[in-house]
């Protein structure tokens, strides 16, 4: 069972140290809200997708993008219809009229949504949570905060795996879990009870295991493996900072 969203690989992005990937993610997130218009955010998204493509994780990226497509569609529908600055009709579908200003705002919001996802996935999909937390703890992050980070990164895969296991168990006992919407709704309550209970039990077991291993100790921790930083890490960091400064400078000049 894989309890993380990490996709194993040996690309240059996978080999990059976690701190450099955090910097890439932060730069992407900042530029998402700094770059004006539509062209520059589109170019940023294209650059992020190229970066993810070189890491060999695009299949997982497309799955995430498809999962939030409904939100993107909502941007266009809501803003195209009710945006306060709507003035120029662009499309009429029966009684509904979509306006150009609202549709452009929906496009801008969609670029922001996907740029946020792409920037975050650079770190999540190519970095083992244990490597990420260990790298941060080496640099002074308290172990408790490290545990919070790794728990957040693992909670979704763990819950999905547990839900699948409970669904299979319920199905083996004769419960209908597939079919119409009503059938799925009836199966929801019997699923949520064991899921919440098992999550609470797992949390308690994890807390006991951490306490046994001296998690609350005030002594300086030691690490089993030496940290490996590739030779191209610093050029990547410098390039990321340069792009960030260019983006900020461009925004200031245009404002």
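Only one of 230, 235 is outside any helix (DSSP H, G or I) and modelled with pLDDT of 70 or more. Can you tell me which?
Values: 235 fails: outside any helix (DSSP H, G or I).
Every option except 230 fails the conditions.
Residue by residue through region 139-173, note down the ones that are at pLDDT below 70 and assigned to a loop (DSSP other than H, G, I, E, B).
Residue satisfying the conditions is 173 alone.
Given the conditions (1) without any contact (Cβ under 8 Å) to a residue 40 or more places away in the chain; (2) surrounded by 14 or more Cβ atoms within 10 Å (Cβ to Cβ); (3) over 18 Å from residue 125 (Cβ atoms), which single one is not true for residue 58?
(3)
The values are calculated or read from the model by the stated rules, or taken from the named source; none is laboratory data. As the structure is a computational prediction, the values presented were derived from the model and not from experiment. Here the Cβ is made from the backbone with ideal geometry for all residues, glycine too, and neighbour counts use every protein chain on show.
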